[in-house]
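The values are calculated or read from the model by the stated rules, or taken from the named source; none is laboratory data. Keep in mind that this is a model prediction, so the values were computed, not measured. Counting neighbours? That spans all protein chains shown, and the Cβs are built from the backbone with ideal geometry, glycine included.
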Amino acid sequence: MTDQITKIAAVQMVSTPQIEENFASARRHIAEAAQQGAQLVLLPEYWPVMGMHESDKLAHAEQPGSGPIQAFMADIAREHRIWLVGGTLPIVAPDPVRVLNTLLVYNPEGRQVARYDKIHLFSFTKGEESYDEARTIVHGKNVAVFDAPFGKIGLSVCYDLRFPELYRAMGDCSLIVMPAAFTYTTGQAHWEILLRARAIENQCYVLAAAQGGKHPNGRRTWGHSMLIDPWGEIKAMRAEGEGVVLDELDLGQLRRVRESLPALQHRKL
């Protein structure tokens, strides 16, 4: 692996129940990132649709390999010649009243090269605020990574961030991606510290693309999409609202951190 420098970007959105509105927003921000030289672009969790009710995602669930959301991602990856890590979309599950919350990766030719079904499902209750993803989502089962010209990329989604054993199972990655829709409450408390911890303990870059604002369904998401380097430093960040976070993945920096503090080589468990 050479010490190359690659521009990568995260798109922050405030998705609505209207798929076409979200397509337009994603298209605009992906184009902006590509024009600035990004070779990999990450979309947030639930980017194509944030429904008025949890069950709304069932109506938009697609079969693997077909459907308007997957066609959009394949086409735009091909159009801009980028690696597109497509946040998440609902994929049909064996259970007819639930879906898989699925992350798909497309290469610059528009071909799907990786899939990850979110393993850990969020549940949280505090006062009137309550969430339980397991009501409408089926747990994924498999850890997923893919190889790109700038190293091995580990795939994770939102609540996965709280489970460090998932990232150890990925092996030696140069980059971990984290599309998310963290709530304002939990994001304010834990988002940044968890992201930086995952970067530090795995000595790799972490790119996080979040939902970031007040949605039509009343939900407020935390935002703060960011890129963190292997030393745990935040290289770029956007607090709230839609936009692009873009900076460099420097394999030389990754190598230097691992050489100066060879913690990954010191593991005993």
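Annotations for the structure displayed:
- Residue ID - nearest to the chain's Cα centre (by Cα), chosen from residues in segment 212-253 that are in a strand (DSSP E or B), in contact (Cβ under 8 Å) with a residue 60 or more places away in the chain and over 21 Å from A38 (Cα atoms): T221
- Index of the failed condition, A189 passing every other in (1) in contact (Cβ under 8 Å) with a residue 24 or more places away in the chain; (2) under 23 Å from R219 (Cβ atoms): (1)
- Number of the condition not met by L161 [criteria: (1) out of contact with any strand residue (DSSP E or B) (no Cβ under 8 Å at 6 or more places or on another chain); (2) under 17 Å from A210 (Cβ atoms)]: (1)
- Close pairs from segment 111-130: first over 30 Å from H80 (Cα atoms), partner among the aliphatic types (A, V, I, L, M) and in a strand (DSSP E or B), Cβ under 8 Å, at least 6 apart: L121/I137
- Single residue of segment 1-32 satisfying the filter (touching a residue at least 60 places away in the same chain (Cβ under 8 Å) and over 20 Å from M237 (Cα atoms)) that is surrounded by the fewest Cβ atoms within 10 Å (Cβ to Cβ): T2
- Residues in segment 42-71 that are assigned to a loop (DSSP other than H, G, I, E, B), at negative phi and buried (at least 17 other Cβ atoms within 10 Å of the Cβ): L43, P44, E45, W47, P48, V49, M50, G51, A61.
- Residue within segment 67-74 that is closer than 19 Å to Y116 by Cβ, out of contact with any His (no Cβ under 6 Å at 6 or more places or on another chain) and without any contact (Cβ under 8 Å) to a residue 24 or more places away in the chain present: yes
Condition check ((1) among the charged types (D, E, K, R); (2) surrounded by 14 or more Cβ atoms within 10 Å (Cβ to Cβ); (3) under 22 Å from R238 (Cβ atoms); (4) at pLDDT 95 or above) across all residues:
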{"site": "V143", "(1), (2), (3), (4)": "no, yes, no, yes"}
{"site": "K152", "(1), (2), (3), (4)": "yes, yes, no, yes"}
{"site": "L161", "(1), (2), (3), (4)": "no, yes, yes, yes"}
{"site": "Y167", "(1), (2), (3), (4)": "no, yes, no, yes"}
{"site": "C173", "(1), (2), (3), (4)": "no, yes, no, yes"}
{"site": "I176", "(1), (2), (3), (4)": "no, yes, yes, yes"}
{"site": "P179", "(1), (2), (3), (4)": "no, yes, yes, yes"}
{"site": "G187", "(1), (2), (3), (4)": "no, yes, yes, yes"}
{"site": "E192", "(1), (2), (3), (4)": "yes, yes, yes, yes"}
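- Residue match in segment 114-121 (condition: of a type in the set (K, R), surrounded by fewer than 22 Cβ atoms within 10 Å (Cβ to Cβ) and part of a loop (DSSP other than H, G, I, E, B)): no
- Verdict on R256 being assigned to a helix (DSSP H, G or I) and closer than 24 Å to G86 by Cα: no
- G171 being over 28 Å from V244 (Cβ atoms), more than 12 Å from the chain's Cα centre (by Cα) and of a type outside the set (V, I, T): yes
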